[in-house]
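As structure tokens, the structure follows; a few thoughts come after it.
The values are calculated or read from the model by the stated rules, or taken from the named source; none is laboratory data. These numbers come from a predicted model, not from an experiment. Neighbour counts run over all protein chains shown; Cβ positions are idealised from the backbone, glycine included. Ligands, DNA and RNA are excluded from the accessible area calculation, which covers all protein heavy atoms including side chains. Shrake-Rupley method; radii C 1.70, N 1.55, O 1.52, S 1.80 Å.
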Amino acid sequence: MSKATIISAVVIVGMGAVGGGGYYYVAQQAEQKFQENINLIKSALPGSTLTYANHHISIFSQDVTMDKVVFKDDDGITYSADKVDIIFGLGNSLPKFIVDKVAIKEDGSDDNDVTVEHLELEDAKAEAGWIVIENGAIKKLYPSKISFDLLNIQNFEYREGSHSNFKIAQYQMTNYGLSKKTKITLKDLLITAGSDKFKLSAITLNQVNLAEMSQDQEALFNNNDIYTISTQELMKRYSETFAKLKFDLFSIDQLQYKKQYIGTLKLAHYDVKNYGFGRQSDQSLKGFSLVDGFGRNNYFKLASLDVNGVDFSLINRIYQNLNYTNYDLFMASFLAMQKDYIQQENAQKANISLTDLKSVFGDAQISLGSIKANVEVQQQGERQAIYSLDNLTFTLPKDYSNTQILTDLGYKVISVSGILREQYQLQTKLLSLSLDQLLFKDIGQVSATFKANIPVNLNYNNLVDNLQNPDVKFREFTLTMKSTGFIEKFIQQVSQEQGISEEEVKKNIVNSVKAGSVYLETMSPTFAGEVIKAANQWVQDPQKTEIKLTSIPTSPLNGASLAGRNEQETFDLLNMHIKAEPVN
């Protein structure tokens, strides 16, 4: 505990006897008692000195004021204030405590290390045992046993040397105490260390159960085994405590952090609303950016991120069941808790939206119009979700073999948009996925569907076990592809490079497919023939023809169904077909 805290506690306790209560003191008695308590403070802190220019005691209002107060401890630290104004109530109550122009200075320092223009505490109360002092030192402090209507600190500044500085224009806490909802406001925070700088305009935390959280933390750290328990147990206890946190609003405005030679981080606004277990919370982020500090013009920018209708505190409940050595046990605990939560609460509806992302790193550039997700989970465990991607654009890397064919065709930038639909039924364990028109601009378009029975209690560490699981059943897969420019460009380029007609290029493509289908014929001659026919039809008019691949077994397949089968039998069971169809 800092000496400043000890000194403050002794001053408050020592001065408390001045007020007493009612009209107990006459003026002369009040003056005598005041001097006795000044002497008590000095004797409680050997080697210290306390001086003041003048003082006044009101026997009616129980108001004690002192001007030009200077306290110096035995370590050479000087605490001074222009004015101290206190009203003491009955017992451990403090109706008013005001200090103006506070300064703290260490011997040898050229300037004040800490200054506070104004400090105010209103209607403070403390229960018995809120502080434990042994041998002149504070051994324990219980913030949950304290309550007050207002704590207001204005223009706080801390300096360490000539290059580091910490400033707060205002810090205010109202309505603190058990069974109370507290509001905390911080304005104009500035931290500097050399050329590094951190600043923000405002932080607000509203209707938070802060004293209750303090009480849980006190119980946690006063437990004798806190320093001997495992890290996992400590994490669990922290999570249990933090999971009880509730508030109506947490917001940050105009945050900026600049680190020399590293970069600058900026955040225009961030807020969380209606946070707490069982609550449908909202999060919103606006104007986030990270800019390279080396002058290379690298940056990452995000216009907005909104997440609505999610119980974020559920994550903390999940941490209570963490098992770092067994992922399956963790997943089992998570799924059981999620199922129980869904059955107890109303249906969950979550919406996620990310808009206008831009990133530049060297020659690599990425931009995104938006990503949106709409998820709904019913009490019966049924889940429906729609994920949409709009105008994801990125530059292709130079001299990279996997994308060389695209760069050779003149594609420098790729743009992608599409929609993914998901549906899961807990009772039937049926998962359905549908990819609707994943469009690669001027390249091609892909659509797909997938259906399978997949239980939630899969063995995530062993895929072989999953394939042998009788509850895992494959039902359907379809894939549809259409060219929107790629095949045409490829045919034109080959025609120009080899000096042959485009019709000859198309024949060569079909012949290459035939050569590649020789091995396929040994497994399924029918399917191999379909591949060659579809390729021939597709290359004739790629933008008006689409390729459709299907695999729809006559009955659902699992690992046991395919065990011991040869390749031809497997193909027959999968019932795979491919064909080219005209586009309407």
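Going 7 Å from the Cα of Q154 in the Cα-to-Cβ direction, what parts of segment 107-126 have a backbone nitrogen less than 19 Å from that spot?
Residues passing the 19 Å test: 115-123.
For S195 and A385 in the same chain, what is the full-extension length gain: residue separation times 0.36 nm, less their Cα-Cα distance, in nm?
Roughly 63.7 nm would be gained on extension.
Starting from the amide H of Q62, placed 1.01 Å from N in the peptide plane, find each other amide H under 5 Å away whose residue is 5 or more places distant or on another chain.
Counting only residues 5 or more places away or on other chains, the set is empty.
If the chain between K68 and I500 were fully stretched, how many nm would it gain, using 0.36 nm times the residue separation less the Cα-Cα distance?
Computed gain between K68 and I500 is 145.6 nm.
For the modelled label position 7 Å from the Cα of E521 along Cα-to-Cβ, which residues of segment 470-513 have backbone nitrogen atoms closer than 20 Å?
Answer for this model: 507-513.
Per residue, how many Å² of accessible area does segment 444-582 show with a 1.4 Å probe?
57
What are the ³J(HN,Hα) couplings of segment 480-496, residue after residue, when phi is run through the Karplus curve with 6.51, -1.76, 1.60 and θ = phi - 60°? Round to Hz, x for glycine and proline.
3J(HN,Hα) across segment 480-496, in whole Hz: 10, 10, 9, 7, 10, x, 5, 4, 4, 5, 4, 5, 5, 5, 4, 4, 6.
Can you check what the net charge comes to around M173, using other residues whose Cβ is under 14 Å from the Cβ of M173 (Lys, Arg +1; Asp, Glu -1)?
0
Using a probe of 1.4 angstrom, how much of the accessible area of segment 444-582 is carbon and sulfur, in percent?
54
Which ³J(HN,Hα) values, rounded to whole Hz and listed in residue order, are derived for segment 419-429 from phi using the Karplus coefficients 6.51, -1.76 and 1.60 in 6.51 cos²θ - 1.76 cosθ + 1.60 with θ = phi - 60°, glycine and proline given as x?
9, 10, 10, 10, 9, 9, 10, 5, 5, 8, 6
Would you kindly state how much longer the chain becomes between T407 and K507 on full extension, computed as 0.36 nm times their sequence separation minus their alpha carbon distance, in nm to one decimal?
In short, 33.6 nm is gained.
Counting only residues 5 or more places away or on other chains, whose amide H sits under 5 Å from the amide H of T484 once H atoms are built in the peptide plane?
I443, G444, Q445
HN-Hα J couplings of segment 239-251 from phi, Karplus 6.51/-1.76/1.60, θ = phi - 60°, integer Hz, Gly and Pro as x?
5, 4, 6, 5, 5, 7, 5, 9, 7, 8, 7, 10, 9
What does the net charge come to around N209 if you take all other residues with beta carbon closer than 14 Å to its beta carbon, with K and R at +1 and D and E at -1?
Counting the neighbours of N209, the net charge comes to +3.
Once amide H atoms are placed 1.01 Å from N in the peptide plane, what residues at a sequence separation of 5 or more from N298, or on another chain, have their amide H within under 5 Å of its amide H?
Amide H neighbours of N298: D292.
Within 13 Å, Cβ to Cβ, of Y270, how many net charges do the neighbouring residues add up to if Lys/Arg are +1 and Asp/Glu are -1?
-1
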